1. Could you figure out which of (1) in a loop (DSSP other than H, G, I, E, B); (2) on the phi < 0 side of the Ramachandran plot isn't true of G59?
2. Those residues that are farther than 30 Å from E154 by Cα, open to solvent by 30 Å² or more (accessible area, probe 1.4 Å) and within 21 Å of the chain's Cα centre (by Cα), I need them from the range 49-72; list them, please.
3. State the number of residues belonging to the range 97-145 that are exposed (fewer than 15 other Cβ atoms within 10 Å of the Cβ) and under 22 Å from A18 (Cβ atoms).
4. Within the range 88-111, take every residue that is under 24 Å from H27 (Cβ atoms) and not charged (D, E, K, R) and give me the one that is farthest from the chain's Cα centre (by Cα).
5. Picking from P37, P17, which residue would you name as being in contact with a helix residue (DSSP H, G or I) (Cβ under 9 Å, 6 or more places away or on another chain), of a type outside the set (A, V, I, L, M, F, W, C), open to solvent by less than 60 Å² (accessible area, probe 1.4 Å) and free of Cβ contacts under 8 Å to residues at least 60 places away in the same chain?
6. Name the single residue, out of those in the range 24-39 being closer than 17 Å to I114 by Cβ and among the small types (G, A, S), that is modelled with the highest pLDDT.
7. If a residue must be over 21 Å from the mean Cα position of the chain (by Cα) and under 12 Å from L57 (Cα atoms), how many such residues does the range 25-40 contain?
8. Pairs please, first residue from the range 102-126 and closer than 18 Å to Y76 by Cα, second anywhere and part of a loop (DSSP other than H, G, I, E, B) and open to solvent by 40 Å² or more (accessible area, probe 1.4 Å), Cβ atoms under 8 Å, 6+ apart in sequence or on different chains.
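The values are calculated or read from the model by the stated rules, or taken from the named source; none is laboratory data. These figures come from a predicted structure and were not determined experimentally. Don't worry about glycine lacking a Cβ; one is built from the backbone with ideal geometry, like all the others, and counts go over all protein chains shown. Each accessible area value is taken on the protein alone, full model and side chains, heavy atoms only, with ligands, DNA and RNA left out. Shrake-Rupley method; radii C 1.70, N 1.55, O 1.52, S 1.80 Å.
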Amino acid sequence: MSVASVLFDLDGTLVDPAGSITSGIRHALVAHGLTDPGEEKIEALVGPPLQVGLRTLDGVTEQNIDSIIAAYRARYAEVGMRQSKVYPGLRTLLGALQAAGIHTAVATAKPLPIARELIAAQDLDGSLDAVHGNTGEGGSHGSSKAHIVAAALEHAGLDPARSVVVGDRHYDLDAARANGVTSIGVRWGFAQGDELDAADYRVATAAELAQLLLGERAAAELNFEKPMQEGAQ
């Protein structure tokens, strides 16, 4: 691969939420008197905007959805960002991409201010050239991230043919395809079923990802940490 730019998804790809997203959603639902839908349904909400994902749950209505999101955001700000952690090996990889002169950015469905706050809390600011996300909670683009990847490409004048989207959900893969960008699916996040089969490439470790992005020789010189753990754990 000839890579000039890499666009990373955030939760489930760069940062392990360590259960803070799913527990926060559960906390917000129960606080509003709703039944806990179970871990499987809540894990499926990691990826699309909350305004989109929450509407798939029983008991969530136009009257209570804003309040549920507000309760979740408060919980996330209080404990979620501190619980989150960068996946093993990703700091090393980001440093190597920077050293190689490869443009490195985040493309997330999170509201941009919250994404930036999380990135700052995880001390990733200096490892990224840009951060791109949704302008708010509205979910005006539905579950699609195509507009976010398009904005990232336009912002830095990136060549789609030499760009890569790295993510753990089909939303990332679909956004890459819509913009003519190569996709890499990571197996350590929140993928549901066989959705990563749609990726151009799939990897299970940071070392494998480095081999694709930097080449085997450069990747072999990097010192990676212990193997990945699933984001849902």
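1. Among (1) in a loop (DSSP other than H, G, I, E, B); (2) on the phi < 0 side of the Ramachandran plot, G59 violates only (2).
2. R55, T56, A70
3. Residues in the range 97-145 being exposed (fewer than 15 other Cβ atoms within 10 Å of the Cβ) and under 22 Å from A18 (Cβ atoms): 4 in total.
4. We begin by selecting, within the range 88-111, every residue under 24 Å from H27 (Cβ atoms); these are 108-111.
Filter once more, keeping what is not charged (D, E, K, R): 108-109, 111.
Working: T108: 5, A109: 8, P111: 12 Å.
Across the range 88-111, the extreme among qualifying residues is P111.
5. After ruling out the rest, the residue left standing is P37.
6. A28
7. Result for the range 25-40: 6.
8. A109/S143; P111/T135; P111/E137; L112/T135
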